[in-house]
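**Q** Below you will find the structure I want to go over with you.
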Amino acid sequence: MKMETEITVLVKSTYVELKKELEKNGFQIKKEFELKDDYMINNCIDLSQLSTLEILQNCILVRDVVNINKELLYKYKKYASNGDIIEQGKVECPVIDIDKAVKFMESINYRKIFNIYDKCIVFANKETELVVQLVNNKYIFIEMESECKHIDKKYESVEELKEDLNRYNLPIDTSNYYVKKAELILSETLKNR
């Protein structure tokens, strides 16, 4: 399992306003891509008996990074009592065809419970790299990971990630650095059922 360190915060402005703030701080777009995630869970699991985080711990994602790669993905997360992520990692299994991957999962008694469409825009300046995520045409998040791909930098801790992000005074909700996009969408999905 590949272990990771990252933070995710909710943006409190429009994308246009956020982009202007980023550009004022020397950020440029380095890459754009789209993620389509189908969250699947075993049919034997009674969703009504689990919390949203417990449901997510039992999900397998069928992920399509559009025109880049396709995979089955399991995300492992360990939470503190306040909901902060203490430890996280993932296991990836490349696949060739998303539709066949979904059919395979269905054939072993899994069902799709919700999906996330995520347009990702990687921004970087000389010192910081972050990803703006436009999720399901409803939410905007900023995610930062310990390993940067477009600048020569590696963060050693969550505190270092927070400190770096906060120095730009972006329109973000600083009350939660561990926003769980999937939990938010899952909660909405369950409420609408």
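Rule-based calculations on the coordinates, nothing more; no lab input. Since we're looking at a predicted model, the values are computed, not measured. Cβ: placed from backbone, ideal geometry, glycine included. Neighbour counts: every protein chain shown.
**Q** What's the extension gain from Lys19 to Ser107 if we count 0.36 nm per residue and subtract their Cα-Cα distance? Don't skip to the end; give the middle numbers.
**A** Values: separation 88, 0.36 × 88 = 31.68 nm, distance 4.35 nm.
Full extension of this stretch gives 27.3 nm more.
**Q** Using the basic label-point model (7 angstrom from Cα toward the beta carbon), what is the Ser187 to Glu34 distance in nanometres?
**A** 2.8
**Q** Which of these values of Cα extents along the principal axes in Å was calculated from the structure shown: [x] 46, 38, 37; [y] 61, 48, 41; [z] 50, 37, 32?
**A** Among [x] 46, 38, 37; [y] 61, 48, 41; [z] 50, 37, 32, the one derived from this structure is [z].
**Q** Okay, next question. Give the peptides 7-19, 163-175, 87-99 in descending order of average Cβ contacts within 10 Å, highest first. The partial results should precede the final answer.
**A** Numbers: 7-19: 16.2, 163-175: 14.4, 87-99: 12.8.
The most tightly packed comes first, giving 7-19, 163-175, 87-99.
**Q** Continuing with this model, one more query. Could you run the Karplus curve 6.51 cos²θ - 1.76 cosθ + 1.60 with θ = phi - 60° over the range 124-130 and give me ³J(HN,Hα) per residue in whole Hz, x for Gly and Pro?
**A** 8, 10, 6, 10, 9, 10, 8
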